[in-house]
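Please read the structure below before turning to the comments.
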């Protein structure tokens, strides 16, 4: 029973960290990365679909993305979607290919990005702590129903705390890496 609670808490904490990694990937650091355009939605036959479903996104060099639509008629639609995506990007069309140059980040913009990254990390820490709370509540419930002893409850809470500490350390490591990446010129 306690193992089930621990396994469930571990799985949920790992999902939180994976979500943080995905959020960090979306935050640009001045280097081109195809995931920057992952959340761009493009109108396609009456539905909004992710850009990756109507075009391929490749990295041309450190500051340039190349978007190649699968249908030539989608070029202006994709260009408009990238322009209106609030990413601060200005795509340039050349034939059937859309080039998206990434402007260099200013010092002020880097500071703003750091605030966003730190807020994302703190949100994930809170999520991990909430998972710990849920696991401890479940263990207390098992004790109340007399399915486990007090010693087992104490050990389970200690294990959950160790698990929480491990995952928060992982979050701090990811945050430090992203901060370093953002401050590189």
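What follows is calculated from the coordinates using simple rules that are stated; it is not laboratory data. Nothing here was measured: the structure is a model prediction, and the numbers come from that model. All Cβ positions, even for glycine, are placed from backbone atoms using ideal geometry, and neighbour counts span all protein chains on display.
Computed from the mean reciprocal separation of all distinct C-alpha pairs, what Kirkwood hydrodynamic radius does the range 34-101 have, in Å? Please list the in-between numbers first.
Values: mean 1/r = 0.0856 Å⁻¹.
Every distinct Cα pair counted, the radius reaches 11.7 Å.
Between residue 84 and residue 63, what's the calculated FRET efficiency when r is the beta-carbon distance and R0 is 22 Å? Round to 0.05.
Here the calculated transfer efficiency is 0.55.
Stick to Cα atoms and the Kirkwood definition of Rh, then tell me Rg/Rh for the range 1-44.
1.26
Cα-based Rg (one decimal) and Dmax (whole number) for the range 1-79, in Å?
17.9, 58
How large is the Rg to Rh ratio of the range 102-185 when both quantities use alpha carbon positions and Rh follows Kirkwood?
So for the range 102-185, dividing Rg by the Kirkwood Rh gives 1.25.
Angle between the Cα long axis of helix 150-183 and the longest principal axis of the chain, 0 to 90 degrees, nearest 10?
Compared with the principal axis, the helix lies near 20 degrees.
Could you work out how far helix 107-144 tilts from the main Cα principal axis of the chain, as a 0 to 90 degree angle to the nearest 10?
Once rounded, one gets 30 degrees.
Need the full-extension length gain, residue 123 to residue 94, defined as separation in residues times 0.36 nm minus the C-alpha distance. One decimal, nm.
So the extension gain works out to 6.3 nm.
Need the C-alpha centroid separation for the range 7-53 versus the range 105-162, integer Å.
23 Å
Could you list the square roots of 5 times each eigenvalue of the Cα gyration tensor of the chain, that is, the equivalent ellipsoid semi-axes, sorted largest first and rounded to whole Å?
Each semi-axis is √(5λ); the values are 44, 20, 11 Å.
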